[in-house]
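Contents: one structure, followed by commentary.
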Amino acid sequence: MTTLLTLVVLVLVAIAISQMTKMFELSQLTTENSQIANDQDNKINGYLLFAFLIFIYGITIFSFWKYTKVLLPTAASAHGAEYDYLMLVSFIIIFIVQTLTQALLHYFGYKYSGKKGNKALFYADNDKLEFIWTIIPVIVLAGLILWGLYTWTEIMDVNDEDDPIIVELYAQQFNWTARYAGDDNVLGGANVRMIDIDNANILGLDPSDSYAADDIIVKELHLPVGRKVNFKMRSQDVLHSAYMPHFRAQMNCVPGMITEFSFTPITTTAEMRLDPDVVDKVKRTNAIRAKKAALGEDNSDPWEFDYILLCNKICGKSHYNMQMKIIVETEEEYNKWIKEQKTFKPAIASVN
Amino acid sequence: MSATAHAQVDGHEEDHGHHHHKETFVTKYIFSTDHKMISKQYLITGLIMGTIGIAMSILFRMQIAWPGESFPIFEAVLGKWAPGGVMDADIYLALVTIHGTIMVFFVLTAGLSGTFSNLLIPLQIGARDMASGFLNMVSYWLFFLSSVIMVCSLFVEAGPAAAGWTIYPPLSALPMAQPGSGMGMTLWLVSMAIFIASSLLGSLNYIVTVINLRTKGMSMTRLPLTIWAFFVTAIIGVISFPVLLSAALLLIMDRSFGTSFFLSDIFIQGEVLHYQGGSPVLYEHLFWFLGHPEVYIVLLPALGITSEVMSTNARKPIFGYRAMIASIIAIAFLSTIVWGHHMFISGMNPFLGSVFTFTTLLIAIPSAVKAFNYITTLWKGNLQLNPGMLFSIGLVSTFITGGLTGIVLGDSTLDINVHDTYFVVAHFHLVMGISALYGLFAGVYHWFPKMFEGKMMNKNLGYVHFWITAVCAYGVFFPMHFVGMAGVPRRYYQNTAFPMFDELTDVQVLMTVFAIIAAGAQLIFLYNFVNSIFNGKKGSLNPWSSNTLEWTTPHEHFHGNWHGPIPEVHRWAYDYSKVDANGEYIIPGQDFVPQTVPLQPDEEEMHH
C-alpha cells in the first residue's frame, strides 16, 4: 500500500515537473530570450504565490484534521493541566500571527507582481508603523514570559512539603532502574565506585549506610495516585534523559551529579485506559498491529495502554529502545506491591 | 579615514597592474588571493559538502519511514554498515551526526557566509580586495583541509562520529560508549578545530575590510544591508567560535590525556573509570555559547542577502533601513546571551533557566520587526519575480513559520515536554536550515552573473527548483511538529519499540516522500548551476537594475575589480523608484539611482 502510494506520488511529481517546465517555457515563446523575469513570469509566479498561500493553509488544516488525534492524551500529572493550557494559549497566538503574516506576505507577492510601466511606491520609513509592530510583540511576549516563568518556578520547586515519596531513577546504557527509599523514605548513599555486580549491588549503594538497607530496587516504576513523587536522577555512564511525556515531565540524567524533578500523578493507569482518546488510540494502534500480525511481521502483539519512561538524550546504539513501564495505581495497590519487593540488605545477603 | 584608505588602495592597484599578466593556473585557480575566486572556491566546496549532507538525510529518513527494511541502496552506499541492505543502528546515529555537522558548519557557515562575504564585501563597499588577500586564501584552504578531514572520517574502521552534532560527553569522550567515539570522533574534533581557525581568519578579515576599506562617501549608514549582516556575523563569529575551540580542546584532553574536565563517576562495561569531578553540563555551556550564536551566524547573512535581493526586485527601498540595522545588532547581542535555552532540563539551576527564558523571548522582538519590514517592502512594489526574489519571499515565509514555534521552545515551561523531540527538529530546520538555504539560493541566483563573468542561470529551471523545494520543505517539516508533540524523541533509530508511536509511521512515510522529492529538486539546481557556468547566456552588466557598486565592475575578472579609480558613493543603496516633487523618476526613464550618481540639485537625501 505504502509502496503504491509512493509510486503514485512520484509519478504525479514527475508529471508536475514536466508540466511546470512546459508552462514556464510556453510563457516565453513570444518574448525575448533573456534570463530576467518578464511580465509573463511575474504574472504566473504571482498566481503561484497566491496558490502557495492556499497550500500553506491547506497543509495546516490537513495536519490538524489528520494528526490531532496522534497528540498526547490529557496530562496525567497535577501540573500538566497548567502546562497544557499555557501550550494552548501559545498556539492560539502562534496561529493568529502565522495566518495573518503569511497572508500578507503571499498576497502582496501576488497583488504587486510586476508589470512594465508600473511604478513602485518609494516608501522608506514610517516611525509610527514600526513603533506599533515593536510594541505589540513586546506586550504579548511580556505576558507569555511572566506566565511561563511563574509556572516554571512552581514546577521546578522540588521540596519536601506534602510528604512526597522519594524515588531514584537510575540510567545506564540501555535500561532504567528505579530505587525506592523504603520505610525511612531516605535514599541510602551511593556511588558508581561501590558498584559490585557479583554481589547484586548494581547501583553502587553504600552497604555501610543504614539508610540504604531498606531501599528497594526495581525494574518497573509504581506510583500511588495523588501522592507527590520527588525523583532523584543518576546516570552511571553517559547522558540520558528521563522523559515521561504523559506527565509533561523530563529531566536529564548526568553522570557525576544528581538531578531532580517532581510531580504528582493524578490519573491511574486503569482510569487512563478508559479515557476516550486513549481508547480510540489503542483501537487504531491494534488495528495496525493486527495487520502486521496477518503479514507475520514483528511488533504485532496487541497493545494495552501504559505510561512509559523513555530515554530522550542520545546515548548510543540502543537509545531507541531504552524504556521502563510506569504504573500509577491506588494507594492500597501500591502498598501491596511495595511490600512484595525485596529490600536492599536481604537482597545482598541472599547472594552472599 | 575612508579617504586615506581609498588613496592607499589606489596606489596598490597601480602596483598591481605590473603583475597582472603573470598569473599562472596555480595562482589564478588554486592558491588565489583574489576574493572573487576565493568566494567561488567556498561556494563549490560548500555545494559538494551540501550534496553529501542532503544525501545522508535521505538515507536516514528512509530508515525512519520504513524501519528495518532492506534497501539495495543502503548496501551500495553503506557497505558493511548495512548488512543485507538493512541499516545498522550505529551508522544511523553517525549519519544523523555528520548530516548536522556538515549542514550547519560546512554548508551554512562556510558555504553561505564564506561565499557571499568574500564576494560582496569588497565589491559592495568599493575595495580592490580584502584587507589581507593572503589570510583570506589561508582561511579558505584551512576550510578545505577541514572538509577533507571530515569526509575522511566517514571511512574509518569503527565508523564516523555518532554522538549527535552537539557531541555531548561522556558519549563522545568514551570509545567504549559507542564505536563512533573512537577514531571517528578524533577526526571530527581535529576537523572542527581547523574549521574554527579558518572561520576566525575569515571573520577578522571581513571586519577589518568593512571598517577600513570603504570607498569615498561610503559611510556606515550607506552600506547595503548585506554588508551590515556580514559585518555583524563576523563579529559574533569572533566572539563565540574561540569558546567552541576551548570546548573541543578540553574534550580532546579528556579523551586522550586522562583529564576530567567533563567526566565524573563513570561505570561502563563492567569497569569504573578514574574520572572524577568534571561536569558534562560545563561542556554543554561551552558548546552552546558558540552553538546558539551559530544559529545567527547562519541566519544573518541569509537575511542580509534577502534584504538586498528583495529591495532590488521589489523596485522599492528596503522598509526601515535603520530599524533593520538596529535589529541585526540587537539580534547579534541577544544571541550571545540566550544559549541556556538549550539546557533548561540539563540539570542546570532552574533560576538560570528563568533568566534564559527572558532573554530568549526578547530576541523574538527584533526578529518580528525584521519580518514585518520585509512584508512592508513588498507592499505597493513592482515585484520582479526572479528566482532569487522567490527564494527571498520563501525565506520570510519559513522564517516566520519556524520562528513562531520558538515561542514554545524558548519558554522553559513548555520546553519540558517537547525538548529533544521532533518538534525541535521541525522548528530549527524551518527557521535556520531551510531559511538559510533559501538565502543561499537567493544569493546564488542573484549574484551568479557577478561570479561567472556575466553568465546567468536559467530562470525556468530556477522556478521549477523553487516551487518544488518550497512545497516539499513545508511537506517535510510541517507535519513533523505533530510527531514531536506526540512525544517521539529525535535520534531514534526506529520507533517500533513503542506501540504508542505505531500510528505515526504514516506521517513518517509522508515526510520521507517529500524529502526525497525535495532532494531530487536540488539536482535540477545543480544541473542548472554547472550548465550555466559553461553555457549560461551572458546578460547585461547590471542585469537586475541594481544600485549597488558590484554592478559597476566589468564582466571579466581581474585582481582589483575596477579598471580605473574606485567609484565614489553619493547616496545609500536603496534609491529605487525615487521620484522628485513632480512625481518623475530622478533619472528620467529609469526607476533606480545607483549609489555612484551624485545627488540632484533639488533632491533630498534619505537617512543621513
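Only the coordinates and a few stated rules stand behind these numbers; no lab work does. What you see is a predicted model, and the numbers here were worked out from it, not measured in a lab. Quick reminder, even Gly has a Cβ in these numbers, built from the backbone with ideal geometry, and neighbours come from all protein chains shown.
Couple of notes before you dig in:
- Inter-part distance where segment B:351-426 and segment B:195-257 are each reduced to a Cα centre, Å: 24
- Neighbourhood charge, 13 Å Cβ-Cβ cut-off, centred on A:Val89 and excluding it, Lys, Arg +1 and Asp, Glu -1: -3
- B:Leu154, B:Leu599, B:Leu119 arranged by Cβ crowding within 10 Å, fewest neighbours leading: B:Leu599, B:Leu154, B:Leu119
- Computed from the C-beta positions of A:Lys115 and B:Ala55, the FRET efficiency with R₀ = 56 Å rounds to 0.85.
- Shape summary: chain B maps onto an equivalent ellipsoid whose semi-axes, from the alpha-carbon gyration tensor, are 42, 26, 24 Å in decreasing order.
- Each Lys or Arg adds one and each Asp or Glu takes one away; over the other residues whose Cβ falls under 10 Å from the Cβ of A:Glu297, this sums to +2.
- Proximity of backbone amide H atoms, modeled 1.01 Å from N, is registered between B:Phe592 and B:Ser577 at under 5 Å, excluding neighbours fewer than 5 places apart on the same chain.
- Residue order, fewest to most surrounding Cβ atoms within 10 angstrom, among B:Thr377, A:Thr267: A:Thr267, B:Thr377
- Charge context of B:Gly320, other residues only, Cβ under 10 angstrom, K/R +1, D/E -1: -1
- Residue-wise HN-Hα couplings along segment B:567-584, as the Karplus relation 6.51 cos²θ - 1.76 cosθ + 1.60 with θ = phi - 60° gives them from phi, are x, 9, 9, 10, 7, 6, 8, 10, 7, 9, 6, 6, 10, 8, 4, 8, x, 9 Hz; Gly and Pro carry x.
- Whole-number D in µm²/s for segment B:449-587 (Stokes-Einstein; Kirkwood sum over Cα pairs; 4 °C, 1.567 mPa s): 65
- Modelled spin-label separation between A:Tyr57 and A:Asp183, with each label point placed 7 Å from Cα along the Cα-to-Cβ direction: 6.9 nm.
- Computed FRET value (nearest 0.05) for B:Ser219 with B:Ile329, which takes r as the C-beta separation and R₀ as 22 Å: 0.85
- Value of D in µm² per second that Stokes-Einstein yields for chain A, Kirkwood Rh from Cα pairs, at 37 °C (0.692 mPa s): 127
- Diffusion coefficient of segment B:548-600 by Stokes-Einstein, Kirkwood radius over Cα pairs, 25 °C, 0.890 mPa s: 196 µm²/s.
- Nonlocal amide H pairs with A:Asn201, under 5 Å, H built at 1.01 Å: A:Asp196
- Gained length - A:Asp306 relative to A:Asn126, 0.36 nm times residue gap less alpha-carbon distance: 59.1 nm
- Extension gain, A:Asp160 to A:Arg227: 0.36 nm times the residue separation minus the Cα-Cα distance gives 22.9 nm.
- Within 10 Å of the Cβ of each residue in B:200-209, the mean number of Cβ atoms contributed by other protein chains is 0.
- In this label model, B:Leu154 and A:Glu220 are separated by 4.7 nm, measuring between points 7 Å along each Cα→Cβ vector.
- Computed on the Cα atoms alone, the convex hull of the protein assembly as shown gives a volume of 163 cubic angstrom per residue.
- Contour minus Cα-Cα distance for A:Ala290 and A:Val8 (0.36 nm per residue): 98.9 nm
- Treating r as the C-beta distance of B:Leu599 and A:Thr99 and R0 as 60 Å, the FRET efficiency rounds to 0.90.
- In range of the label at A:Ile36: residues from segment A:105-129 whose backbone nitrogen is under 15 Å from the point 7 Å along Cα→Cβ: A:114-118
- Average other protein chain Cβ within 10 Å of Cβ, residues B:441-454: 0
- Restraint check, B:Lys28/B:Lys316; A:Lys128/B:Lys380; A:Lys69/B:Lys80, Cα-Cα greater than 28 Å: B:Lys28/B:Lys316; A:Lys69/B:Lys80
- Cut-off 16 Å, label 7 Å out along Cα→Cβ of A:Ile197, residues of segment B:244-269 by amide N: B:266-269
- Residue by residue along B:417-428, Cβ atoms of other protein chains within 10 Å of the local Cβ number 3 on average.
- Put simply, the amide H of B:Val272, placed in the peptide plane, has no neighbours under 5 Å, leaving out anything fewer than 5 places away on its chain.
- Placing dummy labels 7 Å off each Cα toward the beta-carbon, the span from B:His563 to B:Ile239 is 4.5 nm.
- Each of A:Ile195, B:Ile328 has some number of other Cβ atoms within 10 Å of its Cβ, and from fewest to most they run A:Ile195, B:Ile328.
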